[in-house]
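Below is one structure, written out as structure tokens; comments come after it.
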Amino acid sequence: MSYATEAHPVALRRAHLLMALALALPAFLLVNESFRPVEERASLEGRTASHVFSLDAAEPLLLEMEFAVRPPAQADAAPGSAALLLTLNGVRVERVEAEQFYVVNRAMPLAPVGAVREGDNRLDIALDGPPSFVFDATLRIHNYYGINPNFPRVFVVPDEAVAHFFTQGSAVRHLVRLAVVGALSLVAVWGIGVLTRHQSPSASTLLLLSPSILLWATLLYGLASPLHVWLSAWAVLTLALVPCLIAAGALWIHPRRRTVALAAGATALVLVACEAGLRLINLVVPSPIFYTDAYSRFRGEPGAPFLDSRLNALGFNDIEHARDRPAGVRYRIAAIGDSMVFGVVPYSANYLTLLESALAPEGPVEVVNMGVPGTAPRDYLSILVNEGLAFEPDLVLVSFFIGNDFESTALEPYERSYLATAGYFFWRLFTAGAPAETVFQASGPTYADDVPTFAEERFLEIAVDRAWIYATADIGLDAALAEALGNVRQMRDVAARGGADFLVVILPDEVQVDDDLAGRVADASGAGPGRVDFARPNALLAAALTREAIPFLDLLPAFVEAGQRTRLYKPRDTHWNLAGNRLAAEVIAPIMRERIQEGR
């Protein structure tokens with residue numbers, strides 16, 4: 001007997017009404033199409049500080065804080081305890097204890113709606129602690145937790161926001177909302193009933209109930225926790241459709257399960273065969289598109305042509321160098337880094353080649369370029385241990401590129417599968433967009449200094465992906481800095497055991513030098529004024545190297561000054577052009593002369 005039998009029309013209508021009510025009630029309690037996210041950022045410091053911000057309406061706010069408490073001059077020990085007293089519009093919000101001194105503490109107190117005003121609001125922070133102590137804090141004032149994708153729009157808010165919402169507006173207004181949601185739910189249930197009139201009663205019941213499953217789960221989550229989920233109409237529709245489509249698919253598959261199983265088995269067999277084939281091919285002819293933790297992943301083929309020269313027998317963008325130091329060479333430098341060291345300009349214009357020429361008048365100096373594209377500080381350590389020390393250098397020169405040497409080289413989930421990796425590679429290849437002009441000239445005889453490498457959209461995407469290190473509120477840089485510093489420290493120690501001096505040269509990213517690019521990146525990443533500091537990574541790295549007594553040279557000041565007059569990076573490429581390489585050689589050369597003359 002079908003669900004839509006004419007024998008029980010009253011029972012059928014009652015069933016439809018119950019199903020519609022089961023769908024309408026959670027949808028009514030979850031949907032808030034009028035919700036508007038609020039986000040305000042501020043940086044405060046001292047013993048007392050204030051921040052004024054404006055709101056369109058009074059509502060509960062979350063005061064997300066990262067703060068450190070410290071004395072003006074570092075002390076061996078911090079006596080007593082300290083806390084921050086937060087007051088909003090004269091109403092005390094919370095006392096936030098500093099669990100540790102000198103390091104970042106975190107808290108996220110709730111500013112109740114009674115403390116918030118429509119219009120201007122004043123947040124005051126006062127330090128309760130030893131008189132000599134001060135604080136510095138970064139605040140993010142917002143009315144929702146961290147979930148805010150573009151589609152479907154979803155916000156997680158405190159429960160007080162729900163109570164506040166339902167106290168706004170008249171009871172008639174909420175009844176009208178409920179009536180509208182109920183009518184739409186009844187239409188949806190009626191439509192499903194029409195489509196399932198030939199299904200069994202159990203199948204029809206499953207399909208009629210399915211749209212409300214995720215909505216009820218979301219609502220129960222809010223009831224069981226101090227959080228509530230606000231959904232847009234699109235989000236409600238998505239949560240209703242997903243289980244309905246899954247249930248419909250399961251009912252369609254069930255009578256065809258043998259055919260579906262055969263098709264699924266054949267598909268799985270093809271996928272397994274493709275995966276195995278790609279892995280076998282990569283064993284015979286390794287491809288850089290497949291992940292490996294070896295630093296030679298993007299290493300050039302020995303003897304391969306590159307612009308006006310060929311890579312040497314080790315795959316480096318350099319001439320051949322004997323392991324044993326040639327007679328007459330009084331100083332040898334092993335230069336290690338990524339593609340900035342390898343370079344995108346002709347070998348003769350590379351900053352290391354120019355550096356070698358600039359040092360020649362003081363006596364024969366040999367600079368061994370050991371740059372490998374796609375490497376990071378942990379790889380630099382491996383290159384030094386496995387290959388660099390064999391040249392018995394007098395100095396190890398590490399070029400640390402701010403643009404990506406803080407980034408993790410961890411395995412991405414899709415890279416566990418060769419087939420998924422190949423699919424991702426070709427998808428990115430076909431969606432990257434074509435550059436303005438022909439740019440693939442790496443293997444050709446000429447170099448074009450003014451030809452862009454990437455399409456504008458792809459280049460901006462790369463720059464925005466890297467921009468996290470410049471965000472003043474981002475704490476991920478601390479961990480990245482610690483990891484990079486650990487590798488640099490080990491390199492210093494390894495070089496010392498090999499009898500070599502050590503120097504780190506900090507290479508700036510283009511966004512730190514080009515004000516126009518910096519503005520576009522800040523806008524594209526959603527960062528406003530005061531939320532990015534393009535000198536921050538250099539300052540933190542310089543401070544860390546100083547603490548470790550590791551000598552370094554930061555090229556950022558020289559590049560910022562020269563960048564006002566001339567272009568230093570190849571268009572839409574992230575690497576230095578001819579002028580950038582010349583400037584780097586000019587800045588590094590005097591430092592190297594001093595070290596050579598001092599016999600260091």
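Listed here are the residues, each with its yes/no results for (1) assigned to a helix (DSSP H, G or I); (2) farther than 30 Å from Pro112 by Cβ; (3) in contact (Cβ under 8 Å) with a residue 12 or more places away in the chain; (4) open to solvent by 50 Å² or more (accessible area, probe 1.4 Å).
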| residue | (1), (2), (3), (4) |
| --- | --- |
| Leu206 | yes, yes, yes, yes |
| Ser210 | yes, yes, yes, no |
| Leu239 | yes, no, yes, no |
| Cys244 | yes, yes, yes, no |
| Gly265 | yes, yes, no, no |
| Val272 | yes, yes, no, yes |
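Just give me the residues in the stretch 536-552 being of a type in the set (A, V, I, L, M) and touching a Leu at 6+ places or on another chain (Cβ under 7 Å), in sequence order.
Residues satisfying the conditions are Leu540, Leu541, Ala544.
Here is a check on your reading of the model: is Arg106 modelled with pLDDT under 90, open to solvent by 20 Å² or more (accessible area, probe 1.4 Å) and either in contact with a strand residue (DSSP E or B) (Cβ under 9 Å, 6 or more places away or on another chain) or not aliphatic (A, V, I, L, M) (or both)?
yes
Would you mind finding the one in Ser204, Ser200, Ser232 that is under 11 Å from Ala27 (Cα atoms) and touching a Phe, Trp or Tyr at 6+ places or on another chain (Cβ under 9 Å)?
Ser232
What are the residues in the stretch 355-375 that are of a type in the set (A, V, I, L, M) and surrounded by fewer than 21 Cβ atoms within 10 Å (Cβ to Cβ), if any?
Ala358, Ala360
Contact list please: Cβ distance under 7 Å, first residue in the stretch 165-185 and within 23 Å of Asn143 (Cα to Cα), second residue of a type in the set (D, E, K, R) and in a helix (DSSP H, G or I), pairs at least six apart or on different chains.
none
Quick grid of which residues meet (1) closer than 25 Å to Ala467 by Cα; (2) modelled with pLDDT of 95 or more:
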position: Ala543; (1), (2): yes, no
position: Thr546; (1), (2): yes, no
position: Phe559; (1), (2): yes, yes
position: Gly563; (1), (2): yes, no
position: His575; (1), (2): yes, no
position: Val587; (1), (2): no, yes
position: Ile591; (1), (2): no, no
position: Glu594; (1), (2): no, no
position: Gln597; (1), (2): no, no
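Would you confirm whether or not the stretch 173-194 contains a residue that is in a helix (DSSP H, G or I) and at pLDDT below 85?
Scanning the stretch 173-194 turns up at least one residue that is in a helix (DSSP H, G or I) and at pLDDT below 85.
Filter the stretch 499-558 down to residues that are part of a loop (DSSP other than H, G, I, E, B) and free of Cβ contacts under 8 Å to residues at least 12 places away in the same chain and give me whichever is surrounded by the most Cβ atoms within 10 Å (Cβ to Cβ).
It comes out as Gly526.
State yes or no: is Arg325 assigned to a loop (DSSP other than H, G, I, E, B), in contact with a Phe, Trp or Tyr (Cβ under 9 Å, 6 or more places away or on another chain), surrounded by 13 or more Cβ atoms within 10 Å (Cβ to Cβ) and basic (Lys, Arg)?
Criteria met by Arg325.
Report yes if Arg332 is in contact (Cβ under 8 Å) with a residue 60 or more places away in the chain, over 20 Å from Ala294 (Cβ atoms) and among the basic types (Lys, Arg), otherwise no.
Yes: the conditions hold for Arg332.
Determine whether the stretch 287-299 contains at least one residue that is under 19 Å from Ala422 (Cβ atoms) and not in a loop (DSSP other than H, G, I, E, B).
Among the residues of the stretch 287-299, not one is under 19 Å from Ala422 (Cβ atoms) and not in a loop (DSSP other than H, G, I, E, B), which makes the answer no.
Do you know which of the residues in the stretch 559-570 that are in a helix (DSSP H, G or I) and open to solvent by 20 Å² or more (accessible area, probe 1.4 Å) is farthest from Met340 (Cα to Cα)?
Residue satisfying both the conditions and the ranking: Glu561.
Could you please find all residues in the stretch 33-51 being at pLDDT 90 or above and over 30 Å from the mean Cα position of the chain (by Cα)?
Those that are at pLDDT 90 or above and over 30 Å from the mean Cα position of the chain (by Cα): Arg47, Thr48, Ala49, Ser50.
Only one of Leu485, Leu477 is modelled with pLDDT under 85 and either part of a helix (DSSP H, G or I) or within 26 Å of Arg582 (Cα to Cα) (or both); which?
Checking each option against the conditions leaves just Leu477.
If only one of Asn350, Asn282 is under 31 Å from the mean Cα position of the chain (by Cα), more than 25 Å from Leu507 (Cβ to Cβ), surrounded by 14 or more Cβ atoms within 10 Å (Cβ to Cβ) and polar (S, T, N, Q), which one is it?
Step by step, each of Asn350, Asn282 is checked, and only Asn282 is under 31 Å from the mean Cα position of the chain (by Cα), more than 25 Å from Leu507 (Cβ to Cβ), surrounded by 14 or more Cβ atoms within 10 Å (Cβ to Cβ) and polar (S, T, N, Q).
Do any strands (runs of 3 or more DSSP E) lying entirely in the stretch 97-144 carry at least 2 residues that are touching a residue at least 12 places away in the same chain (Cβ under 8 Å) and farther than 22 Å from Ser81 by Cβ, and which ones are they?
Because the criterion is at least 2 residues that are touching a residue at least 12 places away in the same chain (Cβ under 8 Å) and farther than 22 Å from Ser81 by Cβ, the strands (runs of 3 or more DSSP E) in the stretch 97-144 that meet it are 119-128, 134-142.
Give Leu419, Leu389, Leu411, Leu397 a once-over and let me know the one that is assigned to a helix (DSSP H, G or I) and within 25 Å of Val488 (Cβ to Cβ).
Leu389
Give the residue, chosen from Leu307, Leu395, Leu311, Leu389, that is surrounded by fewer than 22 Cβ atoms within 10 Å (Cβ to Cβ), hydrophobic (A, V, I, L, M, F, W, C) and on the phi > 0 side of the Ramachandran plot.
Criteria check complete, one pass: Leu307.
Residue check: is Ala334 within 20 Å of Val504 (Cβ to Cβ) and either within 35 Å of the chain's Cα centre (by Cα) or assigned to a helix (DSSP H, G or I) (or both)?
yes
Looking only at the stretch 582-596, decide whether some residue is assigned to a loop (DSSP other than H, G, I, E, B) and over 25 Å from Ala482 (Cβ atoms).
No, because not a single residue in the stretch 582-596 is assigned to a loop (DSSP other than H, G, I, E, B) and over 25 Å from Ala482 (Cβ atoms).
Pairs please, first residue from the stretch 11-36 and β-branched (Val, Ile, Thr), second anywhere and surrounded by fewer than 20 Cβ atoms within 10 Å (Cβ to Cβ) and in a loop (DSSP other than H, G, I, E, B), Cβ atoms under 9 Å, 6+ apart in sequence or on different chains.
Final answer for the pair search is Val31/Ser232.
The values are calculated or read from the model by the stated rules, or taken from the named source; none is laboratory data. Small disclaimer: the values here were computed from a predicted structure and weren't measured. Neighbour counts are summed over all protein chains in view; Cβ atoms, including those assigned to glycine, are modelled from backbone coordinates with ideal geometry. Note: accessible area is taken over every heavy atom of the protein model, side chains too, but ligands, DNA and RNA are not part of it. Shrake-Rupley method; radii C 1.70, N 1.55, O 1.52, S 1.80 Å.
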